[in-house]
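Data first, discussion second: the structure below is written as structure tokens.
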Amino acid sequence: MNYSQEHLLYLKKQKRQSIFIHCMRIGVLVLLLGIWELAADLELVNPFITSSPSRIVLCIVDLFRNGSLLFHIWTTLWETLLGFFLAVLIGFVLALFLWWSDGFRKIAEPYIVVLNALPKIALGPLIIIWCGTGSKAIVLMTILVSLIVATLNLLNGFLATDRGKIRLLESMGAGQLQILVKLVLPSSLPSILSMLKICVGMAWIGSIMGEYIVSKAGLGYLIVYGGQVFKLDLVMSATVILCILAGVMYGVISLIEKRVVKHKA
């Protein structure tokens, strides 16, 4: 494909700007970590309370050497991924029903609002009774935290479809299923991708919340255990690992989004 000189200059400028932004992000992170480490070394802050980057690294290495690191990471990761995918799938089905039937949507709307406002942690005792103290309870908590968010975001995307285009298809004899497949779903693609990004964070919140309540393993368990025995290096290490895992998961969704948008363009 042949580009004009002006377009090539624009692409180079965009590439330089992207490189600059990435370098600045890394630079800010390095600067913050350096300040944190220096403050802990000079005891401007109490390293027992705040930990430090070097202590966190040593703690992670110790967890890896004793064989518990990968076990706890895998426990939290599969619980989060399973809860995430189930919440998205159920939310997609619910959003379809709500879009398909105005009557069903009007009936269900107040209940959805109440469930969305309900602090899910309040259901902790019930979840333990229903599912026990194993991974089922944690996955259920992840679904409960993510489900309503997924449903509402998808529904808003479906309802935002251009009404004029819908009427045009209806005038041409298209049924509701054809309108859904040919118009609503394609036009809602940005909302679907945005929902996935939001649900990444909600899924991690749900899984860690569940591990706070009932877990015997996982990163949330390490955070709770570390707080109970005042091993704050362990708490910070587990938190850092959580941030990395959540960032990687979000990055995968963002990469998919870029590929989809590029293919659509």
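When each of the peptides 86-96, 9-19, 149-159, 126-136 is scored by how many other beta carbons lie within 10 Å of its residues on average, the order from highest to lowest is 149-159, 86-96, 126-136, 9-19.
Multiplying the sequence separation of E6 and K165 by 0.36 nm and subtracting their Cα-Cα distance, what value in nm do you get? Walk me through the numbers before you get to the answer.
Numbers: separation 159, 0.36 × 159 = 57.24 nm, distance 3.67 nm.
Difference between extended and current length: 53.6 nm.
Pairs spanning more than 28 Å between alpha-carbon atoms, out of K197/K231; K106/K165; K120/K197; K182/K258: K197/K231. Electrostatic bookkeeping for F48 treats Lys and Arg as +1 and Asp and Glu as -1; over the other residues with beta carbon under 14 Å from its beta carbon, the sum is -1.
Rounded to two decimals, the Cα radius of gyration of the stretch 118-260 over 2.2 N^0.38 Å is 1.39. Between Q176 and W74, the modelled labels are 4.6 nm apart [label points 7 Å from Cα along Cα→Cβ]. Computed over the chain, the per-residue total of -39500 (n - 2.57) for DSSP H runs of n ≥ 4 gives a 222 nm mean residue ellipticity of -27500 deg cm²/dmol, rounded to 500. Charge tally around T142: other residues with Cβ under 15 Å, Lys/Arg +1 each, Asp/Glu -1 each, net 0. Descending by average beta-carbon neighbour count within 10 Å, the peptides 74-80, 254-260, 53-59 line up as 74-80, 53-59, 254-260, the highest first. Between L126 and K216, the C-beta separation translates, for a Förster distance of 22 Å, into a calculated FRET efficiency of about 0.65. How much length, in nm to one decimal, is gained on full extension between Q14 and L32, taken as 0.36 nm per residue of separation minus their Cα-Cα distance? Gain on stretching Q14 to L32: 3.8 nm. Comparing Cα centroids, the stretch 117-148 and the stretch 216-265 end up 20 angstrom apart. In this structure, V113 and I256 have a Cβ-Cβ separation that, at R0 = 35 Å, corresponds to a calculated FRET efficiency of about 0.70.
A short reminder: the numbers here are calculations on the coordinates, not readings from a lab. This one's a predicted model, so the numbers in the text were calculated from it and none came from an experiment. Here the Cβ is made from the backbone with ideal geometry for all residues, glycine too, and neighbour counts use every protein chain on show.
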